[in-house]
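Q: The following block contains the structure, expressed as structure tokens.
A short reminder: the numbers here are calculations on the coordinates, not readings from a lab. All figures in this text were calculated on a predicted structure; none of them were measured in a lab. All Cβ positions, even for glycine, are placed from backbone atoms using ideal geometry, and neighbour counts span all protein chains on display.
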Amino acid sequence: MGGKVCALVAGLVLMAGSASAHHGSGISYDTASIWTSWATVTEFNYMNPHPTMTFDRKVAGGKIEHWTAELITNPSMLARQGWTKSRTLEALRPGTRLKLYLATARAGGFSAVVMKIEDESGQTLAGPPRDLKGVDLDGKPGGLQPEGNVVLPGQPSQ
């Protein structure tokens with residue numbers, strides 16, 4: 001009996017550790033530096049813990065950038081705001097043009113977290129209820145990339 005109790009306690013401790021292992025978006029993305037751009041959805045996945053999407057941006061010279069992103073929100077928050085899975089998938093179907101509020105990955109590249117989504121009429125499809133501002137970088141290659149030798153959280157300083 002004592003062995004079973006110890007095994008149960010050990011199992012609960014291990015599960016608690018993995019449950020708290022979810023990353024914070026501020027660690028992976030520069031959420032203090034929000035920028036905006038018009039983009040076209042190429043794929044949207046409504047999934048836990050965060051929906052994901054890929055999108056294309058047209059930049060100077062007509063070049064197309066292919067980006068990957070996750071939404072800062074999760075499906076339960078979307079549903080509470082009235083964005084059910086079917087409504088969201090319809091609104092964010094491939095080919096849809098959207099204004100995205102983005103925070104670039106701290107590691108740089110064409111990866112970001114989507115903080116807010118607006119359609120062409122200005123309606124918020126996903127994002128915080130508060131007014132979110134961002135620097136307009138529509139058409140600027142690379143959007144807002146980290147500058148210099150950025151030390152990522154968990155890395156030794158240089």
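Q: Report the net charge of residues surrounding R97, where surrounding means a beta-carbon distance below 13 angstrom and charges are Lys +1, Arg +1, Asp -1, Glu -1.
A: That sum, taken over residues with Cβ under 13 Å, equals -1.
Q: Search the structure for amide H atoms under 5 Å from the amide H of Y29, placed 1.01 Å from N in the peptide plane, and list their residues when 5 or more places away or on another chain.
A: Amide H neighbours of Y29, under 5 Å, 5+ apart: R106.
Q: Under a Cβ-Cβ cut-off of 15 Å, what is the net charge of the residues other than F55 that fall near it, where Lys and Arg count +1 and Asp and Glu count -1?
A: So the environment of F55 carries a net charge of -1.
Q: Using the number of other C-beta atoms within 10 angstrom as an exposure proxy, rank R80, R106, R57, R87 with the fewest first. Working shown, then result.
A: Details: R80 9, R106 18, R57 23, R87 13.
Fewest-to-most ranking of R80, R106, R57, R87: R80, R87, R106, R57.
Q: Here is a further query. Report the gain in length on full extension from K58 to L137: 0.36 nm times residue separation, minus Cα-Cα distance, nm rounded to one decimal.
A: 27.3 nm
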